[in-house]
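Read the structure below first, then the notes.
The values are calculated or read from the model by the stated rules, or taken from the named source; none is laboratory data. All figures in this text were calculated on a predicted structure; none of them were measured in a lab. Note that each Cβ is placed from the backbone with ideal geometry, even for glycine, and that neighbours are counted across all protein chains shown.
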Amino acid sequence: MSDIIFKLTGGVHPPQNKHQSIQRPIAQADVPAQLVIPMSQHIGPPSTPIVTVGQRVLKGQCIATAESFEGAFVHASTSGKVLAIEERPHNHASGMPALSIVIESDGNDEWQRMPAMENWPQCDRQTLLQRIHEAGVIGMGGAGFPAASKLATDKPIHTLVMNGAECEPYITSDQMLMTERAEELILSCELMMHVLGASKTLFGIEDNKPEAIEAIKAAHAKRGNDKIHIVVIPTVYPSGGSKQLIQILTGNEVPSSGHSSDLGIIMQNVATAVAAYRAIVFGEPSISRITTLTGEALAAPQNIEALVGTPLSALLEQAGWQQNLADRIIIGGPMMGYTVTDTQLPVTKTTNCILVPTRAELPPPPPAQACIRCGLCAEACPASLLPQQLYWFSRAGEHDKLESHNLFDCIECGACSYSCPSNIPLVQYYRASKAEIRQARRDAKQAEQSKRRFEARQARLQRLEEEKTAQRAARAEAAKKRLEEANTSASVVDPIQAAIERAAAKRTSAAAPATEAVDMIAKLEKRLTAAKIKLASAESAGSDKLVPLQEAVDKLTQQLAEAQQQAGDKP
Amino acid sequence: MSLLNVTSPHAHGQLSTAKVMQLVVLATLPGIAALVGVFGAGVLINLVIAAVASLACEAAILSLRGRPVSFYLQDFSALVTAVLLAISLPPYAPWWVVVIGAVFAIGVAKQLYGGLGYNPFNPAMAAYVVLLISLPVQMTQWGAPFAAQPMGLAEAMASNILQHVDAVTSATPLDALKQGIDTLSGATGHIGGYGWEWVNAGFLLGGLFLMWRGIFSWHAPVSMLAALAAMAFLFPNDALSRVDSILFHLFSGASMFGAFFIITDPVSSATTHRGKLIFGGLIGALVYSIRHWGNYPDAVAFAVMLLNLAAPFIDQYTQPRTFGHGGTPS
């Protein structure tokens, strides 16, 4: 079976350095005394702990949940007691701490599996997706994208691409998985195809892993599923990038603004597929992973299956690390990995490699020289960008030019920096510029929102003012009308006559004290109520003015009674 | 022990800018050997004078600018400029012509613009043009190819530095072509200009070596030579058949030197593939136009400088299609 393959755009050929870590079979790491399990191992909202400090948990027991497929469930990697739920240093490129559940191992490693679903070919898609979600399976190739979320696409999918390229130098965790667990992997492909409703699998493996290719091909022949195509691809970095592998296997480019599902393709890393398979067939959640330990500062480079939450130091010791030789600790490979300085950080679901090189092996970056625009970076760029131009724009802070030169299509693979003869850390410039532009966009959005809020407030105030003015005008109008009406009725009356009448009315008012008395009563009632309120508030506040206030109330009550009396006397 | 905390990538390729420059110098050797074989040892004297003057000038200006001198001298770029300039000059040009050229190339054309990577013009070509315009007599005195008594190193030194011996000069084949049919006999060799065909073959060889080593892509040189050939075919001189015209122009003057060592200077040329095709093609067409219709017998330096100016503009309009942006090939 020969499948056509296509050429990767750009690419570089760094020394592979994979043989060191494939000399030994996959070892099992010891269960550490204490595990630190971060709630943010995946891309998406952090998981929510559902256990309490002091609670006993079993291996595989769910300890944190997620509301949607965008999140990920987290499980106890071994049985023991929850020691703490708090922020701990996190094994992450950001270097930011993360909420973590600390478990003290009881040494029993006592399992609590989910019910096995051996009849998965009869299960419907939603059931399987839910299980993959609840088993906490996330992309184990490095990105940590929740697997269920990716598999739950609503677009029609015809092809599953299995990513066994593992193009980063040094890393061999996928290679060892393919070599040692090939049969399980072929079954995982069938499971993934079933979940996706895909009709074929393109299984890409770089040609620098002959043992893995042989094992996979043998397992494939044994299973005899002709929907699965094992495709051996040439070794070139970054062939294992998702867009790159799809290009190599299908010749299609994932649109810049879209996803592979737009092409009817979903890609899964081999380790992710196996984790999903084990979650379904054995009810085992994702609590461990195969990690490559390599680099010249390790006496026994190898692959180790480690529990999530195991401190790096435990694995490093198992691989015989010579601290005095270690120059840096890289999580991931030499092209895209990040350095850590704390050996107590935990292994996470995405820790595919711990690389501990000596200074001679990976020397520190030499000082950058001038860019001579040689264009070697552009030759290496898998996204067909012009890194040398982006570099000038980045240095000049020309955001619009960076965007028109498609900075955001940069996958940060580092091929440009690798090939730059002047040692310019190009990727660093792009990362910084991307962050600046994102910040600028956020700022602009915020400014726009503030502006809109301000304008809305101004409009509201103006409206209120206008309403008030209108009301005032209406009142003035009404008053004027009344005045006019009064004037029209009064204008016929002679002013002198009116004055005489008013004087007469004043004289007679003495004879009509009833109205005065009524007014007086109303006034007194008002004052009495006010005094009573004052008294009540003084009481509740515990004021020392209670006595005079009480006196005033009494006096007013008396006056009111007298006034009522008087009014009553004069009918 | 403290662990290093740096960003990726942690691995780095083997190629360095200094190595690129060294390879370019290395690749000029066949051409230089041909120059020595055809014109005698004069070019070697020029090389030494140009190298000393260039490096001294570079060091002086770097220290004036407060830059780390040895760090920048180690990039070998000043040496490359010196070599390219020395090759361009007549082999028996007086020493001060070479010094003026080197100082102008490094001091003005390179360092005044900000040093390596910032110069809009190819420094060697800028200096060559300045010398050609300012000192036309000294700059057009090329020795006769394969002289009966070729100059040795001592005589060349005497001629260039002490100016004791008057070098025998003659018109170059391109001069002869310009002057007319009568003078052409004796100016043509097997395929190109008499003697010059060897020089061009030497630079072609060196250029192919650099291309094989991946120092530059094929786009600019092939485009320039193709354009030059096309123009020579379309508008041949009366003295030459169309096919002879093509070979004569490809293997005379600075054709190969320009195509492989001048227009491939990354700093001052277009950087995109399509841009390089346009850049090289226009230079080829301009070279022929000036040779055929213009006043100067050769024109590589002028053509290169004109297109140096256009390079940023060409780059702006020849951006390659970014991955995932439309036109997905299937």
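Tabulated data for the structure shown
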quantity: Residue within the stretch A:57-65 that is of a type in the set (G, A, S) and free of Cβ contacts under 8 Å to residues at least 40 places away in the same chain present; calculated: yes
quantity: Test: A:Q369 is in a loop (DSSP other than H, G, I, E, B), of a type in the set (S, T, N, Q), facing chain B (nearest Cβ under 8 Å) and under 30 Å from B:M21 (Cβ atoms); calculated: yes
quantity: Residue count for the stretch A:424-440, restricted to those that are more than 8 Å from chain B (Cβ to nearest Cβ), over 23 Å from B:Q316 (Cα atoms) and either acidic (D, E) or in a loop (DSSP other than H, G, I, E, B) (or both); calculated: 1
quantity: Flag for B:A105 being away from chain A (no Cβ under 14 Å), modelled with pLDDT under 95 and buried (at least 19 other Cβ atoms within 10 Å of the Cβ); calculated: no
quantity: Residues satisfying the stated conditions in the stretch A:218-251, i.e. under 25 Å from A:S419 (Cβ atoms) and facing another protein chain (nearest Cβ under 9 Å); calculated: A:K243, A:Q244, A:Q247, A:G251
quantity: Unique residue being more than 14 Å from every other protein chain (Cβ to nearest Cβ), among the charged types (D, E, K, R) and either over 26 Å from B:N119 (Cβ atoms) or touching a residue at least 12 places away in the same chain (Cβ under 8 Å) (or both) when the list is B:R274, B:R291, B:R321; calculated: B:R291
quantity: Some residue of the stretch A:155-170 being over 26 Å from A:E253 (Cα atoms), crowded, with 24+ Cβ neighbours inside 10 Å and not charged (D, E, K, R); calculated: yes
quantity: Filter result for B:I191 (at pLDDT below 80 and either in a loop (DSSP other than H, G, I, E, B) or more than 18 Å from B:V287 (Cβ to Cβ) (or both)); calculated: yes
quantity: The one condition in (1) under 17 Å from the mean Cα position of the chain (by Cα); (2) closer than 20 Å to A:S422 by Cβ; (3) not acidic (D, E) that B:R65 fails to fulfil; calculated: (1)
quantity: Elements of type helices (runs of 4 or more DSSP H) contained in the stretch B:28-139, each with 1 or more residues being within 24 Å of B:M256 (Cβ to Cβ); calculated: B:29-39, B:42-64, B:77-88, B:95-103, B:123-134, B:136-139
quantity: Some residue of the stretch A:407-423 being in a helix (DSSP H, G or I), crowded, with 16+ Cβ neighbours inside 10 Å and away from chain B (no Cβ under 12 Å); calculated: no
quantity: Test set (1) within 19 Å of the chain's Cα centre (by Cα); (2) over 29 Å from A:L128 (Cα atoms) - A:L83 fails condition number; calculated: (1)
quantity: Condition check for A:S394: within 30 Å of B:G114 (Cα to Cα) and either part of a loop (DSSP other than H, G, I, E, B) or within 11 Å of chain B (Cβ to nearest Cβ) (or both); calculated: no
quantity: Residues of the stretch A:252-306 satisfying the condition of being within 13 Å of another protein chain (Cβ to nearest Cβ), closer than 21 Å to A:W321 by Cβ and aliphatic (A, V, I, L, M); calculated: A:A297
quantity: Residue satisfying all of: in the stretch A:339-355; of a type outside the set (S, T, Y) and within 24 Å of A:R431 (Cα to Cα); farthest from the other protein chains (Cβ to nearest Cβ) among these; calculated: A:N352
quantity: Yes/no for B:A230 being more than 14 Å from chain A (Cβ to nearest Cβ), in contact with a Pro (Cβ under 6 Å, 6 or more places away or on another chain) and at pLDDT 90 or above; calculated: no
quantity: Of residues in the stretch B:43-75 being crowded, with 18+ Cβ neighbours inside 10 Å and charged (D, E, K, R), the one farthest from B:F104 (Cα to Cα); calculated: B:D75
quantity: Odd one out for B:P266 among (1) away from chain A (no Cβ under 14 Å); (2) surrounded by fewer than 23 Cβ atoms within 10 Å (Cβ to Cβ); (3) assigned to a loop (DSSP other than H, G, I, E, B); calculated: (1)
quantity: Those residues of the stretch A:162-198 which are closer than 25 Å to A:I26 by Cα, in contact with a helix residue (DSSP H, G or I) (Cβ under 7 Å, 6 or more places away or on another chain) and of a type in the set (V, I, T), in sequence order; calculated: A:T172, A:T179, A:I186
quantity: Any hit, the stretch A:435-447, residues being more than 25 Å from A:N17 (Cβ to Cβ) and surrounded by 14 or more Cβ atoms within 10 Å (Cβ to Cβ); calculated: yes
quantity: Residues that are outside any helix (DSSP H, G or I) and under 20 Å from A:G60 (Cα atoms), drawn from the stretch A:118-175; calculated: A:E118, A:A135, A:G136, A:V137, A:I138, A:G139, A:M140, A:G144, A:P146
quantity: Residue tally, condition within 7 Å of chain A (Cβ to nearest Cβ) and either outside any loop (DSSP other than H, G, I, E, B) or closer than 22 Å to B:T264 by Cα (or both), over the stretch B:6-18; calculated: 4
quantity: Yes/no for B:A78 being surrounded by 17 or more Cβ atoms within 10 Å (Cβ to Cβ), within 13 Å of chain A (Cβ to nearest Cβ) and in contact (Cβ under 8 Å) with a residue 24 or more places away in the chain; calculated: yes
quantity: Matching option when the condition is of a type outside the set (V, I, T) and either modelled with pLDDT of 95 or more or surrounded by 14 or more Cβ atoms within 10 Å (Cβ to Cβ) (or both), among A:P121, A:P45, A:P115; calculated: A:P45
quantity: Yes/no for A:L8 being outside any strand (DSSP E or B), surrounded by 18 or more Cβ atoms within 10 Å (Cβ to Cβ) and either on the phi < 0 side of the Ramachandran plot or in contact with a helix residue (DSSP H, G or I) (Cβ under 8 Å, 6 or more places away or on another chain) (or both); calculated: yes
quantity: Residue within the stretch A:330-338 that is touching a Ser or Thr at 6+ places or on another chain (Cβ under 8 Å), at the interface with chain B (Cβ under 7 Å from one of its Cβ atoms), in contact (Cβ under 8 Å) with a residue 40 or more places away in the chain and aliphatic (A, V, I, L, M) present; calculated: yes
quantity: Extreme residue, farthest from B:I263 (Cα to Cα), among residues of the stretch B:230-239 that are surrounded by 17 or more Cβ atoms within 10 Å (Cβ to Cβ) and in contact (Cβ under 8 Å) with a residue 40 or more places away in the chain; calculated: B:A239
quantity: Residue within the stretch A:303-315 that is under 29 Å from the mean Cα position of the chain (by Cα) and closer than 24 Å to A:V12 by Cα present; calculated: no
quantity: Set A:G164, A:G141, A:G136: member being in contact with a strand residue (DSSP E or B) (Cβ under 8 Å, 6 or more places away or on another chain) and at pLDDT below 90; calculated: A:G141
